[in-house]
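Below: one structure, written as C-alpha cells.
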Amino acid sequence: MSLQVKGKLLQILDAQSGVSKAGNEWKKQEFVIETQEQFPKQICFTLFGDKISLLDGFKQGEELEVSFNLESREFNGRWFHNVNAWKIDRAQAAEMTPEIPEYNSVDIPPEPGNDLPF
C-alpha cells in the first residue's frame, strides 16, 4: 500500500542506531509534518537505513509531499504501527488557473458584408 500526503515540516528528530539480535546494524530517523486541512493532523514518519539521506536539504517550515507505506506487526499480543517514508519531495505550489488574455477591438473579426442571398 503506497500513500502520499502533503504538509509542513515541523520537526526532524535525532537519528537513532543500534544492533539487532541477529547482529545487524540498523539506523533510523523520524520526522513530523503537519497537514494543511481544516483539522490539521501531525504525522510522524520513519526513514530506515540509507533512506535517511532523503531528509538532506530540507528545513523546518518547508512544504513537503511524502510518499509512504503503512506497516503493522504483532509482538506479545500487541500491535505496533510504522509509517515508513520512501520518497520526499518539495510540495508543488498550487496550480494557478490559466490567465485569460485581454482582447482588443482588432481581435474581433470584421462583420460580413450584407451579401446574403435572402
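Quick note: the coordinates plus some simple rules give every number you see, no bench work behind them. Treat the numbers as computed from the prediction; the structure is a model and nothing was measured. Neighbour counts run over all protein chains shown; Cβ positions are idealised from the backbone, glycine included.
Can you tell me the dipole magnitude for the stretch 3-93 around its Cα centre, using point charges on the Cβ only (Lys, Arg +1; Asp, Glu -1), in Debye to the nearest 20?
Values: 12 positive and 13 negative charges, 40 e Å.
Magnitude of the dipole: close to 200 debye.
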How would you rank Trp26, Trp86, going from fewest to most other Cβ atoms within 10 Å of each one's own Cβ? Trp26, Trp86
Under 5 Å from the placed amide H of Ala91, counting only residues 5+ away or on other chains, we find Glu63, Leu64, Glu65
Mind sorting Val19, Val66 by how few other Cβ atoms lie within 10 Å of their own Cβ, fewest first? Val19, Val66
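Looking only at Cα atoms, what is the convex hull volume of the stretch 1-79 per residue, in Å³? Walk me through the intermediate numbers first.
Values: hull volume 9.9 nm³, N = 79.
Once divided by residue count, the hull of the stretch 1-79 is 126 Å³.
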Karplus 3J(HN,Hα) series, Hz, for the stretch 9-22 with 6.51 cos²θ - 1.76 cosθ + 1.60 (x for Gly, Pro): 5, 8, 7, 10, 7, 5, 5, 10, 8, x, 10, 6, 4, 7
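Report the FRET efficiency, 1/(1 + (r/R0)^6), for Trp86 and Leu10, where r is their Cβ-Cβ distance and R0 is 22 Å, rounded to 0.05. Can you show the working numbers first?
Details: r = 20 Å, r/R0 = 0.90.
That pair, Trp86 with Leu10, gives E of 0.65.
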